[in-house]
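One structure below.
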Amino acid sequence: MKKVDFDNLILFENADYLVINKPPYLSSLDDRHEAQNILDLAKAHTADAQLCHRLDKETSGCLVIAKNPEAYRHLAMQFESRKVEKVYHAVVEGIKEFSNELVDRNLLANNKGIAKVSKEGKPAQTIFNTLKTYYAHTLVECKPITGRLHQIRVHLAYLKSPICGDTLYGGNPLYLSSLKRRFNLKKDTEELPIMQRVSLHAYSITFEGLDGNPIKVEAPYPKDFQVLVQQLEKNA
């Protein structure tokens, strides 16, 4: 992965917090296999930087970084009392009409980092709303109330609406040939999926600053997610 310019990722900054638009394929924390990660980049910008939460490596979007220990504690308490509002956008398989659909199913993660619905798991709740339906797919707004591993992905799979590209939880890669009626692939070339990752983006986050005022930040779609939505619009 080419060197990331951290300043270009910043969506919001004040004396206490940074909110960035995390690119896909960049780890939040130290990753043995990668030369760079968000935490190191943040520390180069602000020495005391701490990540307030994490996003999966493949997931893009809003990530909050505290610039000092007091700011970190302030937001950690909000996460604990579930006062932080996170909104994700996902492209799922099938035509779905979700209206404040609450999935309240415990999740259990194994030591390989794979989660499943299980009574023995920890409580997990997510609310889903349909934003737009297409020919055979749906753009869904996901509001996690808790923050379990792969929560949105597993809860959508539970609703029989796996996320496109999420092969771990039953989603299939989405190819342009499946959307376009007259799609011609060049001879001797292999078709790649429109998006080569899980179609999930952390669209917005709302929390309280140290002064008590709300901070709400929205992250524009990265290029691959934008292209996917545009193709769905074109071929709806």
Among 112/160; 3/160; 132/216; 57/216, the pairs whose Cα-Cα distance exceeds 27 Å are 3/160
Ranked by GNM mean-square fluctuation in the chain (Cα springs under 10 Å), the top entry among 152, 38, 95 is 95
Filtering GluC sites (Glu not before Pro) in segment 174-235 by DSSP loop and by at most 15 other Cβ atoms within 10 Å leaves 190, 191
Counting Lys and Arg as +1 and Asp and Glu as -1 over every other residue whose Cβ sits under 13 Å from the Cβ of residue 129, the net charge comes to 0
Those GluC sites (Glu not before Pro) from segment 78-165 that are DSSP loop and have at most 10 other Cβ neighbours within 10 Å turn out to be 97, 120
Here the chain gives, from Cα atoms, an Rg and Dmax in Å of 18.4, 61
Of the listed links 2/119; 186/223; 86/180; 22/96, those spanning more than 31 angstrom between alpha carbons are 2/119; 86/180
Highest mean packing first, using Cβ neighbours within 10 angstrom, the peptides 178-186, 160-168, 223-231 sort as 160-168, 223-231, 178-186
Given a Förster distance of 25 Å, the FRET efficiency implied by the Cβ-Cβ spacing of residue 97 and residue 235, rounded to the nearest 0.05, works out to 0.80
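FYI, it's all coordinate maths here, none of it is from the lab. Note that the structure is predicted; figures quoted are calculated from it, not measured. Counting neighbours? That spans all protein chains shown, and the Cβs are built from the backbone with ideal geometry, glycine included.
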